[in-house]
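The values are calculated or read from the model by the stated rules, or taken from the named source; none is laboratory data. Note that the structure is predicted; figures quoted are calculated from it, not measured. So basically every Cβ, Gly included, is an ideal-geometry build from the backbone, and we count neighbours across all protein chains shown. Ligands, DNA and RNA are excluded from the accessible area calculation, which covers all protein heavy atoms including side chains. Shrake-Rupley method; radii C 1.70, N 1.55, O 1.52, S 1.80 Å.
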Amino acid sequence: ATLKSLEIEPDNANAQMILGIIQRELGNLDQALEATLKSLELEPDNYDAFSQKGGILYVQNRYREALFAFEQAIDLANKHGKVGERLLASKGKCLLKMGERIPEAYRMIRENDGFIRLDYYRDSPEFN
């Protein structure tokens with residue numbers, strides 16, 4: 001249905017974002033990022049699309065770019081009156097992977113993500 005939507009209406013930001021989600025789930029990260037960037041081009045204030053962009057970049061080990069995308073998503077979510085706990089946790093994960101602002105990163109994750117095991121990061125050789 002999403003591909004059909006894009007054939008009919010190629011400038012549909014929501015359909016582009018859904019295509020990005022599908023491509024990411026299929027492991028096609030370059031295509032996922034391309035569709036997500038197209039979605040952001042069409043709807044630049046979409047914090048969900050920025051979050052998706054950050055997630056794709058994170059999986060590609062492009063942590064600094066992912067951090068920037070998550071920060072943009074947080075700013076936009078705040079402007080829309082949304083609370084971005086998941087976004088803050090994702091920002092913290094990027095900081096940990098980059099080895100920067102470690103205490104702040106742990107705090108972000110601990111306070112905003114009930115699913116992450118901090119000992120996974122704490123025991124990781126890259127942070128010891």
Among the numbered criteria (1) assigned to a helix (DSSP H, G or I); (2) acidic (Asp, Glu); (3) modelled with pLDDT of 90 or more, which one does residue 45 miss? (1)
Going by what's in this entry, would residue 108 be described as open to solvent by less than 60 Å² (accessible area, probe 1.4 Å), without any contact (Cβ under 8 Å) to a residue 24 or more places away in the chain and not hydroxyl-bearing (Ser, Thr, Tyr)? yes
Taking the range 60-94 and keeping residues part of a helix (DSSP H, G or I), at pLDDT 90 or above, surrounded by fewer than 18 Cβ atoms within 10 Å (Cβ to Cβ) and in contact with a helix residue (DSSP H, G or I) (Cβ under 6 Å, 6 or more places away or on another chain) leaves 65
Number of the condition not met by residue 30 [criteria: (1) over 12 Å from the mean Cα position of the chain (by Cα); (2) open to solvent by less than 70 Å² (accessible area, probe 1.4 Å)]: (2)
Any residue at all in the range 38-54 that is farther than 19 Å from residue 100 by Cβ, open to solvent by 20 Å² or more (accessible area, probe 1.4 Å) and of a type in the set (Phe, Trp, Tyr)? yes
Kindly indicate the residue of the range 1-42 that is farther than 25 Å from residue 84 by Cβ and of a type in the set (Gly, Ala, Ser) and also modelled with the highest pLDDT among those meeting that condition. 27
